[in-house]
1. Can you tell me the FRET efficiency between A:Asp57 and A:Asp83 if r is taken as the Cβ-Cβ distance and R0 is 30 Å, rounded to the nearest 0.05?
2. With respect to the cross-link table entries A:Lys63/B:Lys156; B:Lys147/B:Lys170; A:Lys113/A:Lys254; B:Lys84/B:Lys520; A:Lys164/A:Lys254, which display a Cα-Cα separation exceeding 27 Å?
3. Be a star and scan segment B:291-309 for residues whose amide nitrogen sits under 18 Å from the point 7 Å along the Cα-to-Cβ vector of B:Glu47.
4. Pop a pseudo-label 7 angstrom from the Cα along the beta-carbon direction at both B:Glu134 and B:Thr285 and give the gap in nm to one decimal.
5. Which whole number gives the average count of other chain Cβ atoms within 10 Å of the Cβ atoms across peptide B:309-318?
6. Give the peptides B:111-122, B:346-357, B:291-302 in descending order of average Cβ contacts within 10 Å, highest first.
7. Could you tell me the total accessible area buried at the B-A interface, probe 1.4 Å, in square angstrom to the nearest hundred?
8. Computed from the mean reciprocal separation of all distinct C-alpha pairs, what Kirkwood hydrodynamic radius does segment A:73-189 have, in Å?
Amino acid sequence: MVMSSRIHNARIHHAVRCFYVIAFLSGSLDQAYGKLAETAPDAKDWSSSLDISGIKDVTFPRKVLILQSLEKPNPTAISFKDDLCEENSFLTCANAESFDYNLKVNKLPSAPKPADFMKYSGANVILFNSGAGIDLFVGKKPEKINFSKAGKLNDKLNPVKILKRLFDVLGYDGVVLAEKGSFILVGSLKSSLQKERLQGILLENSSDEWIIEGKSKSTASVKNSGAALLQLDNANGGFGVFRLLAQNTGAAAKIGQKIILEH
Amino acid sequence: MVITLENFRKRRQKNLPRQRSLLGVAGILSQLLITTSWSASAASNNETAPSPLKIVWIRDLGRKDAESIKSKGGVKDWAAACTKLAANLMAGKGVWGTGVFTVASCYIQDKGVDKFTAGKDAPNPWVLRFIEGETEATLSLYASENKDADLMASAKFPGSVWAMTFFSDKGFAELVSLRLLNELPMMGFVRKGSLEKSLDLKKSVAFVPPSGKRVYTVPAPPLLLKTFRVSHADGAYLTDLTGNAARSAFVDVKAGSESDEKKVMTNKSAGKYFVTWTFDAATQTASKNQHLAFHDAQGAGKLVPELDDSINEAAKILDEALAAGMFSKLLTGIKANAASGFIGLRYGKQVLAGSALLKKLTFFGLIAEFRGGIVNGLRYYYDKTSQVTDSSNGVPEKLGWSSHTIGKSFGTSLSHVVDRIDFTPKLGIWALDANLVRSVDDQGIASSTGKFYMPRGYSLNLEIGAEWNSSWYKVRPWVSYDYAGAVSAVSKSTITAIKAGLDTFLTIGPSFKLGSTNYKSALLGFVVAEKLSLADKSVKASEDSKIDAFSMTLTFVGAGVAISW
């Protein structure tokens, strides 16, 4: 009797455990399945409804001003073929003629700094020829970064190559522009979003950092742990819609969080 | 499993298969709910469009002047001055078709509080603060009412107790508004396919100072305008260039032809011009759907030094004029209103065959015309014939008349047909003394005579004329109808005159300068054909030998001299 009672209790206990395991698994799977079943937004629609210029205090390239040099007071910008930057990335390149005119209609300080040229072009990245190579300024309080030790910027260059190099220097492949359910709109280069089911990793504590890799001091403060695993669902130009596959913590994705893509 | 950048990089480098397994493990172990307080913002609308404007007058001259603000006169004067200044800052209404504001309201600041004076309030206005200091008057234009708002433009001129009144002068208000607009990131907004404006490169203040100098120069308009969408972010105005507008015409209104560009730029001596900028196709298309701004292609503030000189020049003249006192102001205002015109003397003879009496008639005339200000179009004529006599018919005949006539012409231009067509109603006073023979008998003795006497008869006159002119000539055919009736106890004579004439003015004489005014001399030529009908209603039917009406046809041809200014 005692034995049968023990067996009975063990069966109940087992049944309860099975119930919890099944319930747990089914809940988790259901959650996981739910994420898979969720319809992904269209990258074209999503990106066109988003005004990137309206995002404040961004810490990623948004508009790039490419200058022949940083000669003061009025440096000359380089113009590329219309919309080449926009067609091949989520970035825009400042129009040279408009930049030149902006300097004419705004009141510049007597000794303008790179931050002033950013302000009067709407750009947050400046590339310019410097000595034997090319230098770079990013952000509101820019510090000069070595972009290339050789070569010169000119209007014959393919701007897409310049942008590719820019991402290499900054140490990431894309940034979070928006989030919707289990999907993230990522801004990147068109050439980086060609692979089907491309996976990427969302970097933890990276939303406030301009540079992930490199010699900048800012690199030291970046924790390199991945926050989540992403998979490309669909892309349009330099915009990709990524599905969130797995996440290390429950922290929310932040605008400006950086992403490394598999190659 | 912890996803690290390091192991991801390793996987990437080795081109490992995608970690699909992560789906299961991480999916089970993680709660995959991502929430964020941020959501994609709707398209931000920081496009710059025409805005309302609030103009505040702040006097900083001490207690006495602060009190004067409260006086009815101060408030009334400010309302008038502010309205005039604001008018030139409204979109499309300023000099050259400039202007960036939609509506304006005028305020006076009293004890730190802005009090409404005139105009129309609207939300989120730009603010123009006019601070009337003892040594300097300043205008500061801010992009909003916030205390820390961006200062967009500022102008200043030497302090004067009349500083606020300066804006009552149309030219001064135009100058200051153009000065402010030129410093802004946009000088105006595209409203139609072209900008068309008449303008003066040499302007006169409305009040004449004792020195007589009241002319100042205005910069010539830009050759090329840029058109663009403009947005505002972080204190910067960002343009997205759309196209341009080239100055397609710069016509000397007086000469009726395209101006010599170099001459205009260097001399600025000529008066009124008509300037046109034509927007290119890209601009015209884009402006249908969005606000497009325009500015001098050279950039903002390029004309500021020249405009500052003009403002200082005009302010100095206005201060001198207004300081001369209200009587002088009135007097000089009248002088200013007769800004241009001419006065001429002419002499002619009656040339059409007629009686011995009529052949003797000669004509002397004084003619004056004023153009400018409220007396624009005022005309005065004094016409007098010689008092001629003849007794060849056995009866002493005599004839002579004179008239003072004043009228105001209302004219318009009919392009390509006539430079000006005008309509002039007149009032006058006539005097007539005539004893005329209508018929003679077989012996040549007068059989019926008429006496017409009008010591004073008021007249009504209507004249219609057309005018073709250039810088050196003016030709003016005209027709008129006069009716004058006697106001006399002994006579009830009337005169009806139907006239047709041709006046010519040749500005080929020498020029000279008196004070600050340039004078030009001209030769006049004229021919007038007129049918003069005299009547005397006091004549009774029983007086067989007397006539009650007499008509004559006369033609005067003559010449004269005139001075124009």
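The values are calculated or read from the model by the stated rules, or taken from the named source; none is laboratory data. Please read all numbers here as calculations on a predicted model, not as lab measurements. Note that each Cβ is placed from the backbone with ideal geometry, even for glycine, and that neighbours are counted across all protein chains shown. Please note that ligands, DNA and RNA were not included when accessible areas were found on the heavy atoms of the full protein model with its side chains. Shrake-Rupley method; radii C 1.70, N 1.55, O 1.52, S 1.80 Å.
1. Values: r = 27 Å, r/R0 = 0.89.
According to the calculation, E is roughly 0.65.
2. Details: A:Lys63/B:Lys156 39 Å; B:Lys147/B:Lys170 31 Å; A:Lys113/A:Lys254 30 Å; B:Lys84/B:Lys520 34 Å; A:Lys164/A:Lys254 23 Å.
Correct reply: A:Lys63/B:Lys156; B:Lys147/B:Lys170; A:Lys113/A:Lys254; B:Lys84/B:Lys520.
3. Only B:291-295 pass the distance filter.
4. In this crude spin-label approximation the distance works out to 6.2 nm.
5. On the way: counts 0, 0, 0, 0, 0, 0, 0, 0, 0, 0.
Per-residue shielding by partner chains comes out at 0.
6. Details: B:111-122: 13.2, B:346-357: 16.2, B:291-302: 21.0.
The peptides rank, most packed first, as B:291-302, B:346-357, B:111-122.
7. Details: alone 29470 and 14940 Å², together 39930 Å².
Answer for the B-A pair: about 4500 Å² buried.
8. On the way: mean 1/r = 0.0647 Å⁻¹.
One over the average 1/r among Cα pairs gives 15.5 Å for segment A:73-189.
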